[in-house]
Amino acid sequence: MANVVTRHKRKKTRMKIHGSDLAFDIINYTLLVLSFIITLYPILFVLSASISDPDAVSSGKMFLFPINPSLEGYKYVFMQKDIWVGYANTIFYTVLGTLINLAVTVPCAYALSRKNLAGRKYIMLLFIFTMYFNGGLIPSYLNANSLHLVDTRTIMLISGAVSVFNLIVARTFFENTIPEQLNEAAEIDGCGDFKTFTKIILPLSKPILVVLMLYYGVGHWNSYFNAMIYLKDHAKFPLQLILREILILSSFSSDIMTDSMSPEAMAALLEQQDTANMLKYSVIVVSTLPMMIIYPRLQKYFAKGVMIGSVKG
Amino acid sequence: MEKAINNRMLKKNKNKKLKKRIIKHWQLYVMILPAVIYLIIFKYKPMYGVIIAFKDFDMRAGIMGSTWVGFDNFSRLFSSYWFPIILKNTLTISLLSLVIGFPIPIILALMVNEIKNEKMKHTFQTVSYAPHFISIIVVCGMVTLFLNPSTGIINKFLNLLGMESVFFMQNSGMFKWVYVLSGIWQNVGWGAIIYFAALSGVDKSLIESAEIDGANRLQKIKYINFPVLIPTMTILFILRCGQLLGVGYEKVYLLQNATNISASEVISTYVYKMGLINSDFSFSTAVGLFNSIINAIILILANRISRKVGKSSLW
């Protein structure tokens, strides 16, 4: 009898919970769907606008799906020589720059994770201090100038060689995932620290290497400010600076006009704001697509990276 | 006497041991060397360059050779026409992004955490990160395209609703909202990652026992999930406070134009223009230094308050 009563009671409370939970779910999912749309819509709009009839876009007839799709915009974008040069430069800066980042950051982070390193606390302080205080724009510029690095490709590759934040993430990874005994065992077997690092530690560090590669790589791909300050020669400009000219300053290079199209026709085309805007949408897609394709594949790694980094400072 | 000798011996021994340890692990020091050299050349050397804020810098004379002017550059800053404007704009923009931008990633993480279907959760997260991977130039380009008074999609929507087009980019009162809301669009998902990570550490048995005690969903969030996030929140909040005057030039600079300059000129864009465009090196460095010092003070204060009020702090 008592059993029946409690079962009855339990059923009742569960019903009650179920009722308020349903309301919660409805509100929660509505808000989530709304934020999903807000996040995704601008991206889809750009994608559709880049292949739509520019008149339809500017008159507001195109809201989501492309109207009269054509690849005209892309044709003009690919005629622009500046874009190709910018692309090549960005790929160069991203690949080589990231390799330099890794070559400097990873061994340093490993060494700092070792208790055998006498004075590591002080060395760490030397690094952390630069996170909160720096010389500022002008002294940094004058410094690069005195080293004869202004307007060179080198400054683009090494001006951010170590990010202290990434260094801390990597050091935390080594501290938490590489057991101290592994280092000791290697030492007993006669491994020097170099050998331990290259033969034993590195093969175990794939997750952190991918995380750093992503963080540094995205940074190089998207950065423009260093280039704007330090570079003067157009031939060294990364893609982002070219984009700035097209998207923000609205200036199209005369290069398009020299190639395969009569100058008058091109000028007339560019005079129409609609067409200029269509080119902008295509340019956005062309420059952003590589990132959009790569990042979902690496997603599980950067979630992990944040978790490693958030353990402690 | 004997004790002192003993102590000295011990110290000597310790020094010897330390030396031995350093020699034995010299390879570790080689590993940190490139990073330390980079730090000295590109971080610490420019810090020394800060003294030109107190000089009348002359390229030919160099940092050492230029004449001292004391606090002249600072008094010029404090009495300048732009000073109150850039200070107000910087504070308005950064406080607004802090007040609106700080809680939203937390709310988002708590909401996404309530999605039961793993596949849906995953899809939602992937989409929410996407804007973070779009470069700031492209985001600003999209903003100007979307807000264009005659062709922009946002004004088309407003027209559909029977409203007049708004000149967002030309209206100085709108600037802060354009800046803050586009920033939220770009960074909310990414900002929520760290909270997702913290929530994945919530003890499942706690949730179960709360269920048995009859807690509803909101109560579970309030009493179990939310408290788990508090330490992370505190640290991130202190860090954000330390950057209060550091509104990045990257985005402000791209969004500003001649018509909204009265609301969009901030300390960092001013430093850039005075320094690299007008070549007023000493003055610009003084402005930058003023900025860093205030930031450092706010950071220290925020840390002290949070150590007193809560339990977590940066140091």
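The values are calculated or read from the model by the stated rules, or taken from the named source; none is laboratory data. What you are looking at is a predicted structure, and each value in this text was computed from that prediction instead of being measured. Note that each Cβ is placed from the backbone with ideal geometry, even for glycine, and that neighbours are counted across all protein chains shown. Only protein heavy atoms, including side chains, enter the accessible area calculation; ligands, DNA and RNA are left aside. Shrake-Rupley method; radii C 1.70, N 1.55, O 1.52, S 1.80 Å.
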Name every residue in the range B:136-172 that is small (Gly, Ala, Ser), under 31 Å from the mean Cα position of the chain (by Cα) and open to solvent by 40 Å² or more (accessible area, probe 1.4 Å), in order of residue number. B:Ser172
From the option list A:Leu142, A:Leu167, single residue qualifying as farther than 22 Å from A:Phe127 by Cβ, surrounded by 21 or more Cβ atoms within 10 Å (Cβ to Cβ) and at the interface with chain B (Cβ under 9 Å from one of its Cβ atoms) is A:Leu142
Name every residue in the range A:124-139 that is at the interface with chain B (Cβ under 7 Å from one of its Cβ atoms) and in contact (Cβ under 8 Å) with a residue 12 or more places away in the chain, in order of residue number. A:Phe127, A:Thr130, A:Leu137
Does any residue of the range B:164-175 turn out to be out of contact with any Cys (no Cβ under 6 Å at 6 or more places or on another chain), at the interface with chain A (Cβ under 10 Å from one of its Cβ atoms) and not in a loop (DSSP other than H, G, I, E, B)? no
Give the number of residues within the range A:107-123 that are at pLDDT 90 or above and either open to solvent by 60 Å² or more (accessible area, probe 1.4 Å) or more than 9 Å from chain B (Cβ to nearest Cβ) (or both). 2
Restricting to the range A:252-275, give me the number of residues that are at pLDDT 65 or above and surrounded by fewer than 18 Cβ atoms within 10 Å (Cβ to Cβ). 2
Scanning the range A:30-44 residue by residue, the ones that are within 8 Å of chain B (Cβ to nearest Cβ) and not β-branched (Val, Ile, Thr) total 6
When only residues in the range B:270-293 that are open to solvent by less than 10 Å² (accessible area, probe 1.4 Å) and more than 24 Å from A:Phe129 (Cα to Cα) count, which is farthest from the other protein chains (Cβ to nearest Cβ)? B:Phe283
For the range B:238-273, name all the residues that are of a type in the set (A, V, I, L, M, F, W, C), modelled with pLDDT of 85 or more and not in a loop (DSSP other than H, G, I, E, B). B:Val252, B:Leu254, B:Leu255, B:Ile261, B:Ala263, B:Ile267, B:Val271
At least 1 residues that are within 27 Å of A:Gly135 (Cβ to Cβ) and touching a strand residue (DSSP E or B) at 6+ places or on another chain (Cβ under 9 Å) in each: list the helices (runs of 4 or more DSSP H) lying fully within the range B:1-71 that qualify. B:62-65
Please go through the range B:111-147 and give me each residue that is more than 8 Å from chain A (Cβ to nearest Cβ), in contact with a helix residue (DSSP H, G or I) (Cβ under 7 Å, 6 or more places away or on another chain) and not hydrophobic (A, V, I, L, M, F, W, C), ordered by number. B:Asn113, B:Lys121, B:His132
In the list B:Ile22, B:Ile63, B:Ile52, B:Ile40, which residue meets the criterion of being of a type outside the set (D, E, K, R) and either away from chain A (no Cβ under 11 Å) or touching a residue at least 24 places away in the same chain (Cβ under 8 Å) (or both)? B:Ile52
Looking at the range B:202-215, can you tell me whether even one residue there is within 11 Å of chain A (Cβ to nearest Cβ) and surrounded by 17 or more Cβ atoms within 10 Å (Cβ to Cβ)? yes
Taking the stated definitions as given, is B:Met47 out of contact with any Pro (no Cβ under 6 Å at 6 or more places or on another chain) and at the interface with chain A (Cβ under 10 Å from one of its Cβ atoms)? yes
Which ones in the range B:239-260 are within 23 Å of the chain's Cα centre (by Cα), open to solvent by 20 Å² or more (accessible area, probe 1.4 Å) and touching a residue at least 40 places away in the same chain (Cβ under 8 Å)? B:Leu239, B:Arg240, B:Gln243, B:Leu244, B:Gly246, B:Glu250, B:Gln256
Matching residues in the range B:44-90 (touching a Ser or Thr at 6+ places or on another chain (Cβ under 6 Å) and either crowded, with 16+ Cβ neighbours inside 10 Å or of a type in the set (A, V, I, L, M, F, W, C) (or both)) number 6
Return yes or no: is B:Tyr179 within 22 Å of A:Asp25 (Cα to Cα), among the aromatic types (Phe, Trp, Tyr) and either open to solvent by less than 30 Å² (accessible area, probe 1.4 Å) or away from chain A (no Cβ under 14 Å) (or both)? no
Flag if A:Ser159 is out of contact with any Cys (no Cβ under 8 Å at 6 or more places or on another chain) and either at pLDDT 90 or above or more than 30 Å from A:Asp193 (Cβ to Cβ) (or both): no
The one condition in (1) part of a helix (DSSP H, G or I); (2) over 24 Å from B:Ala302 (Cβ atoms) that B:Ser80 fails to fulfil: (1)
